[in-house]
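Data first, discussion second: the structure below is written as structure tokens.
The values are calculated or read from the model by the stated rules, or taken from the named source; none is laboratory data. All of these numbers come straight from a predicted model, not from anything done at the bench. All Cβ positions, even for glycine, are placed from backbone atoms using ideal geometry, and neighbour counts span all protein chains on display. Protein only, heavy atoms only, side chains kept; ligands, DNA and RNA dropped before computing areas. Shrake-Rupley method; radii C 1.70, N 1.55, O 1.52, S 1.80 Å.
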Amino acid sequence: MSELLTTNRPTKILLELDPDLPNSTYRGRVKIDYEFTDETSEIKIQASRDFQWTSVRLATFYELNEGYPVYASVDSEDYNHDTESEILAIPLGASLNPENTQNGFYINLEWNGPIGGPGASEGLYAVDESTMEANLKDGNAHKVFPCYEGGISAKTWLTVITDERTRVETNMDDAGHEEFEGKVKNNFNKAEDLTIEDVYIRITPIIDME
């Protein structure tokens, strides 16, 4: 939805998905960095009507500490999620522009979302009792995570949290794996010219071949 990006655009996306297939739900978290081309009073982004928000935060540059930027992060308490249009609007308080965001600005969103049952074809859904897929095509990406559809591209990192007996198949580049609270963080990244709609994600159990 490029009409949501008349004065700003996403430059980096850090997405984390933590699926709980037995309970047909997942936890999501996304950090989106923006650059601005003109005065902007609110951020608008596509987001499924089924998302239950657990955190909506804004972060603006505060100072440099030994050459590294430090950001001041605050909760947004007056955001509006229009479930009919599936647009999340986040007021910024003070207007942002290219000058006052030259050292960076980002949003952090956390939510709980549903995993559709077998036979579903949108969002994150179960193929069977042990396998999930994410459909990001044909206007379905915002049903997986808050994002911008319509060919918008940004450098993206993906993390899918699974147990040790599960693998993640994707057309993104493998960026390594790490242990996390008894589970595994499966990390991936993609080139900036790959749009959200191009991304493929499948989460499936590892089958022993004996």
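The figures follow:
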{"item": "Looking only at region 165-192, and only at residues there that are without any contact (Cβ under 8 Å) to a residue 24 or more places away in the chain and not in a strand (DSSP E or B), the one that is farthest from LEU15 (Cα to Cα)", "result": "GLY182"}
{"item": "Residue match in region 96-110 (condition: in contact with a Ser or Thr (Cβ under 9 Å, 6 or more places away or on another chain), exposed (fewer than 14 other Cβ atoms within 10 Å of the Cβ) and of a type in the set (Ser, Thr, Tyr))", "result": "no"}
{"item": "Residue in region 176-188 that is among the hydrophobic types (A, V, I, L, M, F, W, C) and open to solvent by less than 20 Å² (accessible area, probe 1.4 Å) present", "result": "yes"}
{"item": "Among residues of region 36-53, those that are out of contact with any Gly (no Cβ under 8 Å at 6 or more places or on another chain) and either closer than 14 Å to VAL74 by Cα or part of a strand (DSSP E or B) (or both), counted", "result": "9"}
{"item": "Residue match in region 152-163 (condition: open to solvent by less than 10 Å² (accessible area, probe 1.4 Å) and in a loop (DSSP other than H, G, I, E, B))", "result": "yes"}
{"item": "All strands (runs of 3 or more DSSP E) inside region 54-142 with 1 or more residues being hydroxyl-bearing (Ser, Thr, Tyr)", "result": "68-75, 87-96, 105-114, 123-126"}
{"item": "Residue among PRO114, PRO91 that is farther than 30 Å from ILE203 by Cα, open to solvent by 40 Å² or more (accessible area, probe 1.4 Å) and in contact (Cβ under 8 Å) with a residue 40 or more places away in the chain", "result": "PRO91"}
{"item": "Selection status of ARG202, modelled with pLDDT under 95 and charged (D, E, K, R)", "result": "no"}
{"item": "Residue under evaluation VAL144, criteria (1) among the β-branched types (Val, Ile, Thr); (2) modelled with pLDDT under 95; (3) under 24 Å from ALA47 (Cβ atoms), criterion not met", "result": "(2)"}
{"item": "Members of region 9-49 found to be polar (S, T, N, Q) and either within 30 Å of GLU129 (Cα to Cα) or touching a residue at least 60 places away in the same chain (Cβ under 8 Å) (or both), listed by number", "result": "THR11, ASN23, SER24, THR25, THR37, GLN46, SER48"}
{"item": "Residue satisfying condition, being farther than 12 Å from TYR106 by Cβ, among the β-branched types (Val, Ile, Thr) and surrounded by 17 or more Cβ atoms within 10 Å (Cβ to Cβ), within set THR25, THR40, THR60, THR54", "result": "THR40"}
{"item": "Residues (charged (D, E, K, R) and either loosely packed, with under 15 Cβ neighbours inside 10 Å or on the phi > 0 side of the Ramachandran plot (or both)) located in region 117-136", "result": "ASP128, GLU129"}
{"item": "Sole exception among (1) closer than 16 Å to PHE51 by Cβ; (2) touching a residue at least 60 places away in the same chain (Cβ under 8 Å); (3) out of contact with any Leu (no Cβ under 7 Å at 6 or more places or on another chain); (4) not hydrophobic (A, V, I, L, M, F, W, C) for GLU129, by number", "result": "(1)"}
